[in-house]
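J.: Okay, handing you the structure first.
The values are calculated or read from the model by the stated rules, or taken from the named source; none is laboratory data. Keep in mind the model is a prediction, meaning the values are calculated, not measured. A quick note on method: Cβ atoms are made from the backbone with ideal geometry, for glycine too, and the neighbour counts reach across all protein chains shown.
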Amino acid sequence: MTTRLAIISDVHADVHAVRDTLAQIERLGCSLVVCAGDLVDYGLFPEETIELLGQRKVPCIRGNHDRWAVARDRGEMRDTSGWDLSPRAVGFLSRLPTSWTATIEGVRVAIHHASPGSDMAGIYPDQFTSDDARRVLDAAQADVLLVGHTHIAFAIELLGGGLVANPGALLRDPAEPQESRAWLYDADSGRFTQGPAPGGGTFGVLDLPSKRFTVHRAVDGTEVDVPRPVIGLHDRRRT
């Protein structure tokens, strides 16, 4: 039996991208979808985004922007994304856990926003070694670790069976033009390019137990290329 888990991250108040993605997730036959955080900031529709994710009962974890949005109660306000939120939305964000874990088809899956123990220490595929992979997988107590935060989609395989992956950012229509969009991988040039808006925004699909991870465009579900480095158990070289 195969179970398909969809993961979205770095939604950043783009409710239209969420709607498109949920339709594609259903079309692709995913039985579960989880959000890896950063529901608010940058986009125009934080209330609508939170309401939709709540209505669809999508499990969400807390990202750094979500933490900043509700930090005013602790005197730690870091940005203005929470100033205009309703008490209901603030309550929703304040209750979000910092991680999500499940064993699916015998595979231990963990979701953290940036990395285990930090919502700011992002994982970058060109700076990630086998030692790093083993460390984060051990910290998460997982066979597969799914993260967001960097807006860079990738799938890093560790010899021996581990996987660390990122679906990229769902955000495609920020309130103001800026760099915090999904970054897509151009296999021909070997470089990252910013996802177009509209039309950008990506989400991930994890097939279990095979641990096959793919990344898709929110607008139409088209699969996109992502870096897929394979790193050895004792390889200390940067990939």
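J.: Scan segment 118-153 residue by residue and report those that are closer than 20 Å to Leu208 by Cα, of a type outside the set (S, T, N, Q) and assigned to a loop (DSSP other than H, G, I, E, B).
T.: Within segment 118-153, Ala142, Asp143, Val147, Gly148, Ala153 meet the criteria.
J.: Condition first: modelled with pLDDT under 90, of a type outside the set (A, V, I, L, M, F, W, C) and assigned to a loop (DSSP other than H, G, I, E, B). Now tell me which residues in segment 74-101 satisfy that.
T.: Those that are modelled with pLDDT under 90, of a type outside the set (A, V, I, L, M, F, W, C) and assigned to a loop (DSSP other than H, G, I, E, B): Gly75, Glu76, Arg78, Asp79, Thr80, Ser81, Gly82, Asp84.
J.: Only one of Pro116, Pro125 is under 19 Å from His151 (Cα atoms), surrounded by 19 or more Cβ atoms within 10 Å (Cβ to Cβ), within 19 Å of the chain's Cα centre (by Cα) and modelled with pLDDT under 95. Can you tell me which? Can you show your working first?
T.: Working: Pro116 fails: modelled with pLDDT under 95.
On inspection, the qualifying residue turns out to be Pro125.
J.: Can I ask one more? Look through Gly43, Gly63, Gly37 and report the one residue that is buried (at least 20 other Cβ atoms within 10 Å of the Cβ), at pLDDT below 95 and of a type in the set (Gly, Ala, Ser).
T.: Numbers: Gly63 fails: at pLDDT below 95; Gly37 fails: at pLDDT below 95.
After ruling out the rest, the residue left standing is Gly43.
J.: Over 17 Å from His149 (Cα atoms), out of contact with any Cys (no Cβ under 7 Å at 6 or more places or on another chain) and free of Cβ contacts under 8 Å to residues at least 60 places away in the same chain - does that describe any residue in segment 35-43?
T.: Narrowing segment 35-43 to residues over 17 Å from His149 (Cα atoms): none.
No: zero hits.
J.: Given Ala23, Ala71, which one is surrounded by fewer than 22 Cβ atoms within 10 Å (Cβ to Cβ), modelled with pLDDT of 95 or more and part of a helix (DSSP H, G or I)? Before you say what the answer is, go through the steps one by one.
T.: Working: Ala71 fails: modelled with pLDDT of 95 or more.
Ala23 is the lone residue from the list that is surrounded by fewer than 22 Cβ atoms within 10 Å (Cβ to Cβ), modelled with pLDDT of 95 or more and part of a helix (DSSP H, G or I).
J.: Against the definition (farther than 14 Å from Leu146 by Cα, in a loop (DSSP other than H, G, I, E, B), small (Gly, Ala, Ser) and at pLDDT 90 or above), how does Ser189 come out, yes or no? It would help to see each step written out before you state the result.
T.: Working: farther than 14 Å from Leu146 by Cα: yes; in a loop (DSSP other than H, G, I, E, B): yes; small (Gly, Ala, Ser): yes; at pLDDT 90 or above: no.
Criteria not met by Ser189.
J.: Are any of the residues in segment 136-157 modelled with pLDDT of 95 or more, surrounded by 14 or more Cβ atoms within 10 Å (Cβ to Cβ), of a type in the set (Gly, Ala, Ser) and under 18 Å from Asp38 (Cα atoms)?
T.: yes
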